[in-house]
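*Asks:* Can you read through this structure? Questions will come right after.
The values are calculated or read from the model by the stated rules, or taken from the named source; none is laboratory data. Worth saying up front: this structure is predicted, and the values here are computed from it rather than measured. As a convention, Cβ positions derive from the backbone with ideal geometry for all residues, glycine included, and neighbour counts pool all protein chains shown. Just the protein is used for accessible areas: all its heavy atoms, side chains included, with ligands, DNA and RNA removed. Shrake-Rupley method; radii C 1.70, N 1.55, O 1.52, S 1.80 Å.
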Protein chains: 2
Amino acid sequence: MQFAKGKLIAIGGAEDKGTDLEKGEIQRNNLNFFGLGILRRIVEEAGGPLSRIEVITTASTIPYEVGDNYLNAFGKIGCTDIGLLHIRNRADTANAEYLERISTCDIVMFSGGNQLRLTSTFGGTVFFQKILDRYRSEEGFIIAGTSAGAMAMSNTMIYEGNATRAHLKGEVKITTGLAFMNDVIFDSHFEKRGRFGRLAQAVASNPACIGIGLGEDTGMLITNGDKMEAIGSGLVMIIDGHDILHSNIADIPDGNPISIQNLKVHFCEHGNGYLLKERIFLMSARENAVIKKQLDVE
Amino acid sequence: MQFAKGKLIAIGGAEDKGTDLEKGEIQRNNLNFFGLGILRRIVEEAGGPLSRIEVITTASTIPYEVGDNYLNAFGKIGCTDIGLLHIRNRADTANAEYLERISTCDIVMFSGGNQLRLTSTFGGTVFFQKILDRYRSEEGFIIAGTSAGAMAMSNTMIYEGNATRAHLKGEVKITTGLAFMNDVIFDSHFEKRGRFGRLAQAVASNPACIGIGLGEDTGMLITNGDKMEAIGSGLVMIIDGHDILHSNIADIPDGNPISIQNLKVHFCEHGNGYLLKERIFLMSARENAVIKKQLDVE
């Protein structure tokens with residue numbers, strides 16, 4: 001596949017009041033919002049505050065509150081050309097006005113909520129194909145997503161998995177995501193909800209996929225579908241299973257604990273990065289400068 | 001993505017004594033074998049019985065029995081150049097002799113067994129990349145797989161799911177497959193094990209994927225990653241969710257029954273086909289001839 005020309009920005013969400021289907025109920029104040037720093041970076045990548053932004057609130061059960069929140073936040077950083085796409089079902093996706101808007105905006109922002117709502121609503125629609133085509137062919141076209149909006153970005157999508165039981169086989173629920181990229185699995189609210197086990201299980205089941213655990217108020221800016229740069233205030237954890245020598249995942253029945261030998265894990269903070277195809281961790285410019293200084297002294 | 005130049009042959013298995021992790025135990029006589037008709041077609045597609053065949057028994061817990069079974073069966077149709085690759089773990093995949101053999105054979109045949117064993121063993125390995133590269137670039141290169149070997153062929157892979165509970169959300173377990181193709185989900189032993197519910201659930205969660213339910217002793221020959229032709233004695237069921245108007249899958253908690261409005265289903269018997277991208281059912285030459293005759297009479 002050719003590299004996509006657009007950019008993805010996958011964000012781990014922020015408010016720990018979210019979707020939380022894993023707690024068995026849909027909570028009401030699922031804004032999954034994050035700091036202005038990340039929003040500023042999104043807008044900057046698209047060329048500045050004159051960019052036209054479309055916020056897709058489909059994942060959320062409280063789309064109007066979520067939409068207003070984005071209007072305010074993007075407004076605070078000087079954006080004035082912001083549309084809200086309150087698409088609630090597959091029929092809505094065929095709306096000619098929506099198709100027109102999605103064909104002309106500079107940034108598509110998927111809100112948090114429930115990632116299954118994104119895939120079951122958009123999967124296989126003309127509306128979605130339009131976004132995908134623009135992402136693949138247009139430089140400067142930005143797709144951002146937080147929480148559910150980030151988790152749906154890859155072909156492999158975790159949609160559920162109780163963190164406290166995620167070390168047990170079968171506790172992680174996966175289906176097909178929106179597939180802006182392959183070969184990765186995004187998880188969100190990563191440290192706060194203790195999701196290492198579930199992402200590791202997903203990676204062990206097919207080590208071709210790199211796990212990307214996004215902390216809250218933290219994201220990965222992805223260029224060429226390959227080069228990742230951590231942004232925001234927290235941590236992104238990378239789980240690489242390519243060197244796994246042994247795991248019992250194919251041998252045990254559901255509900256049993258998984259063993260894995262030799263997972264490779266990286267912690268990326270702001271400025272660190274990762275090359276997906278080469279599986280190389282990138283230090284920040286600051287870290288590189290420190291090393292250079294040490295070498296100069298020696 | 002460019003169309004792959006090789007061909008895939010996905011077969012639904014045959015012996016109903018298989019993997020059956022869904023029954024909570026690994027049974028011993030998992031040969032998942034099928035009729036000589038399909039084997040003949042595999043060999044024919046590769047250019048005839050002089051083709052070099054490598055059988056990968058990794059999915060099975062009884063690889064030597066499964067391997068012998070294939071030696072006998074391919075032998076009966078006149079093949080003499082048959083290798084068995086009893087790869088048991090990730091370290092085995094780096095064996096230089098195996099890499100050489102996989103680089104020079106004409107047909108790779110994945111046996112039945114447990115599809116998680118295929119993905120957890122081969123995912124992200126050089127051995128697997130070699131097969132994938134050959135499939136993408138070489139005309140006449142054939143990858144066949146039965147049961148587990150078929151289910152692992154797409155990016156989206158069902159690895160478990162109790163048929164009697166598959167109408168309940170969360171009962172279908174999915175992870176990342178070997179990804180020779182995207183946008184489909186294969187299921188095997190389809191009618192015999194009553195798997196319509198689980199495949200429909202997988203399709204509803206992201207209608208971008210077409211469900212391909214392979215009956216026993218039945219397969220799909222896939223050309224250009226797109227054109228499918230049913231082969232063998234049974235039925236292949238196609239489940240297309242693109243026209244779904246409503247489903248509750250994003251709204252209900254785990255364990256609740258799923259509602260889906262407007263699934264499209266096709267039954268393909270020997271000679272029928274399906275174009276994946278265009279989502280068009282193809283009649284057989286015989287059926288076309290009957291219609292032509294009727295038109296001639298009118």
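*Asks:* Among the candidates A:T125, A:T80, A:T119, which residue alone is over 22 Å from A:A10 (Cβ atoms) and out of contact with any strand residue (DSSP E or B) (no Cβ under 6 Å at 6 or more places or on another chain)?
*Replies:* The match here is A:T80.
*Asks:* Now, a different point. Could you please give the count of residues in segment A:267-298 that are surrounded by fewer than 13 Cβ atoms within 10 Å (Cβ to Cβ) and at pLDDT 90 or above?
*Replies:* 3
*Asks:* Considering only segment B:146-168, how many residues are in contact with a helix residue (DSSP H, G or I) (Cβ under 9 Å, 6 or more places away or on another chain) and open to solvent by less than 10 Å² (accessible area, probe 1.4 Å)?
*Replies:* Looking only at that region, the number is 12.
*Asks:* Further question: Which condition breaks for B:M109 when tested against (1) at pLDDT 95 or above; (2) hydrophobic (A, V, I, L, M, F, W, C); (3) surrounded by fewer than 24 Cβ atoms within 10 Å (Cβ to Cβ)?
*Replies:* B:M109 satisfies all of (1) at pLDDT 95 or above; (2) hydrophobic (A, V, I, L, M, F, W, C); (3) surrounded by fewer than 24 Cβ atoms within 10 Å (Cβ to Cβ) except (3).
*Asks:* Within segment A:208-231, is there a residue that is of a type outside the set (A, V, I, L, M, F, W, C), crowded, with 24+ Cβ neighbours inside 10 Å and within 14 Å of chain B (Cβ to nearest Cβ)?
*Replies:* Yes, there is a match, as at least one residue in segment A:208-231 is of a type outside the set (A, V, I, L, M, F, W, C), crowded, with 24+ Cβ neighbours inside 10 Å and within 14 Å of chain B (Cβ to nearest Cβ).
*Asks:* Being surrounded by fewer than 24 Cβ atoms within 10 Å (Cβ to Cβ), under 20 Å from B:T175 (Cα atoms) and touching a Gly at 6+ places or on another chain (Cβ under 9 Å): is that true of A:E171 here?
*Replies:* Yes, satisfied.
*Asks:* Please work out which residue is surrounded by the most Cβ atoms within 10 Å (Cβ to Cβ), limiting yourself to segment B:233-254 and to residues that are of a type in the set (A, V, I, L, M, F, W, C) and either touching a residue at least 24 places away in the same chain (Cβ under 8 Å) or in contact with a Gly (Cβ under 7 Å, 6 or more places away or on another chain) (or both).
*Replies:* Only one residue tops the list, namely B:V236.
*Asks:* Within segment A:70-168, which strands (runs of 3 or more DSSP E) (wholly inside it) include 1 or more residues that are more than 14 Å from chain B (Cβ to nearest Cβ), within 19 Å of the chain's Cα centre (by Cα) and in contact (Cβ under 8 Å) with a residue 40 or more places away in the chain?
*Replies:* A:107-110, A:142-146
*Asks:* Still on this model: All but one of (1) in contact with a strand residue (DSSP E or B) (Cβ under 6 Å, 6 or more places away or on another chain); (2) under 27 Å from A:T223 (Cβ atoms); (3) open to solvent by 40 Å² or more (accessible area, probe 1.4 Å); (4) of a type outside the set (F, W, Y) hold for A:L71; state the number of the condition that does not hold.
*Replies:* (2) is the only condition that A:L71 fails.
*Asks:* If B:F127 satisfies all but one of (1) within 17 Å of A:I249 (Cα to Cα); (2) open to solvent by less than 10 Å² (accessible area, probe 1.4 Å), what's the number of the condition it fails?
*Replies:* Of the numbered conditions (1) within 17 Å of A:I249 (Cα to Cα); (2) open to solvent by less than 10 Å² (accessible area, probe 1.4 Å), the odd one out for B:F127 is (1).
*Asks:* Kindly establish whether B:N256 is facing chain A (nearest Cβ under 8 Å), in contact with a strand residue (DSSP E or B) (Cβ under 9 Å, 6 or more places away or on another chain) and not β-branched (V, I, T).
*Replies:* no
*Asks:* Testing A:K264 on (1) within 12 Å of chain B (Cβ to nearest Cβ); (2) more than 24 Å from the chain's Cα centre (by Cα); (3) open to solvent by 40 Å² or more (accessible area, probe 1.4 Å), one condition comes back false. Which one is that?
*Replies:* (2)
*Asks:* Then there is this: Quick one: which of A:L276, A:L282, A:L263, A:L214 is in contact with a helix residue (DSSP H, G or I) (Cβ under 7 Å, 6 or more places away or on another chain) and closer than 28 Å to A:E139 by Cβ?
*Replies:* Every option except A:L214 fails the conditions.
*Asks:* While we're here: Please find, within segment B:171-201, the residue that is farthest from the other protein chains (Cβ to nearest Cβ) out of those that are touching a Phe, Trp or Tyr at 6+ places or on another chain (Cβ under 8 Å), outside any loop (DSSP other than H, G, I, E, B) and of a type in the set (A, V, I, L, M, F, W, C).
*Replies:* B:F196
Yes/no matrix, rows are residues, columns are (1) farther than 23 Å from A:V66 by Cα; (2) in contact with a His (Cβ under 8 Å, 6 or more places away or on another chain); (3) modelled with pLDDT under 90:
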| position | (1), (2), (3) |
| --- | --- |
| A:D133 | yes, no, no |
| A:G145 | no, no, no |
| A:R165 | yes, no, yes |
| A:T175 | yes, no, no |
| A:R193 | no, no, yes |
| A:G197 | yes, yes, yes |
| A:K227 | yes, no, no |
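Rundown of residues vs (1) under 14 Å from the mean Cα position of the chain (by Cα); (2) under 17 Å from A:M157 (Cα atoms), yes/no style:
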position: A:H189; (1), (2): yes, yes
position: A:P207; (1), (2): no, yes
position: A:E216; (1), (2): yes, no
position: A:T223; (1), (2): yes, no
position: A:M228; (1), (2): yes, no
position: A:G232; (1), (2): yes, no
